[in-house]
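The values are calculated or read from the model by the stated rules, or taken from the named source; none is laboratory data. This is a predicted model, so every value here is computed, not measured. All Cβ positions, glycine included, derive from the backbone under ideal geometry; neighbour counts span all protein chains shown. Side chains are part of the model used for accessible areas, which takes the heavy atoms of the whole protein and leaves out ligands, DNA and RNA. Shrake-Rupley method; radii C 1.70, N 1.55, O 1.52, S 1.80 Å.
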Amino acid sequence: MTADAVLFWSLSIALVMLGLAMGIAAWRIVWGPRAQDRVLGMDTLYLNGMLLILVFNIRAGSQSYFEAALIIGLLGFAATVALAKFLMRGEVIE
Amino acid sequence: MTDAAQLPLWAAWVVTALALAGAGLSLVGAIGLLRLRRFYERVHAPTLGATLGMGLVVGASILFFSLLEGELVLRDGLIALFLTLTTPVTLILLARAAVFRDRTEGSEDVPADLHH
């Protein structure tokens, strides 16, 4: 096997695994059972989406989507903190 | 595919092993999110992907692009640094919000209060 084929097939498997992890996180978002479970599912969803973009970058051999991964990491943090604050206080900015 | 064919075969296998281990750990964390019974158990599971899984995938990316471009490319380290700083903050806030909600409702399933 060439280096090309090794990378292509194994990274495809890694992409499928991360996609499956995103699917499980989406299941948690939809079927809860409580609000904190849904927020935790969303946290997992964006994290695995970010890893998916990183693996896709390696598979494509270009850094085109690096900024996308970085922005998902940044905004996901802000979103989860805001939602946790909302669950605790009923308001985000008091 | 791309010009990844320039990579030596051993490097392809190392990148592969790192990426697969990282993706596998993330999947294990997600399965934990699915199968564990209580919220306070579930909140631990995804951190497997957020710490070691993320570290391995970022390591694979750094190694791959460093070899491809012939110089040290540390851009992806930025993601690793940022996630390492933020993951504990987000999850402690979420866990505290869940504790607050459960205590307010008088639920039995709440960790003990250590301050009183």
| said: Tell me the mean residue ellipticity at 222 nm calculated for chain A from its helices only (DSSP H runs of n ≥ 4, each -39500 (n - 2.57), averaged over every residue, nearest 500). | reply: -30000 deg cm²/dmol
| query | If you take the accessible area of A alone, add that of B alone, and subtract the area of the pair, what total do you get in Å², probe 1.4 Å, to the nearest 100? | reply | 4800 Å²
| request: Determine, from the Cβ-Cβ distance of A:Ala79 and B:Leu34 and an R0 of 22 Å, the FRET efficiency 1/(1 + (r/R0)^6), rounded to the nearest 0.05. | output: 0.55
| note | Once all protein chains are kept in place, A:Ile72 shows an accessible area at probe 1.4 Å, nearest 10 Å², of 60 Å²
| said: Angle check, please: helix B:54-69 long axis (alpha carbons) against the longest principal axis of chain B (alpha carbons), in degrees 0 to 90, nearest 10. | reply: 20 degrees
| query | Which of B:Gly53, B:Gly29, B:Gly106 moves most in a GNM of chain B, Cα contacts under 10 Å? | reply | B:Gly106
| message | Give the average, rounded to an integer, of partner chain Cβ atoms located within 10 angstrom of each Cβ in A:81-90. | response | 4
| task | Between B:Leu81 and B:Gln6, with labels modelled 7 Å along Cα→Cβ, what's the label distance in nm to one decimal, could you check? | result | 2.7 nm
| query | From the residues B:Thr16, B:Gly77, A:Gly23, which one has its Cα farthest along the dipole of the protein assembly as shown in the positive direction, the dipole being from +1 and -1 charges on Cβ of Lys/Arg and Asp/Glu about the Cα centre? | reply | A:Gly23
| task | Please give the helix B:77-104 orientation as an angle from the longest Cα principal axis of chain B, in degrees from 0 to 90, rounded to the nearest 10. | result | 20 degrees
| Ellipsoid semi-axes in whole angstrom, largest first, where each is sqrt(5λ) of the Cα gyration tensor of chain A | 33, 16, 5
| query | Taking the Cα centre of each part, how many Å lie between segment B:20-61 and segment A:50-74? | reply | 18 Å
| At q = 0.09 Å⁻¹, what log₁₀ I(q)/I(0) does a Debye calculation on the Cα points of the protein assembly as shown give, no solvent, two decimals? | -0.38
| field | Long-range tail of P(r) for segment B:7-104 (Cα pairs > 23 Å, %) | value | 38 percent
| Which whole-number percent is the relative contact order of chain B (Cα, under 8 Å, 6+ apart)? | 23 percent
| message | 7 Å from Cα along Cα→Cβ at both B:Glu108 and A:Ala60: what's the point-to-point distance in nm? | response | 5.3 nm
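Summing -39500 (n - 2.57) over the DSSP H runs of n ≥ 4 in chain B and dividing by its residue number, what mean residue ellipticity at 222 nm do you reach, to the nearest 500 deg cm²/dmol? If you can, show how the numbers build up before the last one.
On the way: 4 runs with 75 residues, N = 116.
The helix contribution divided over chain B gives -22000 deg cm²/dmol.
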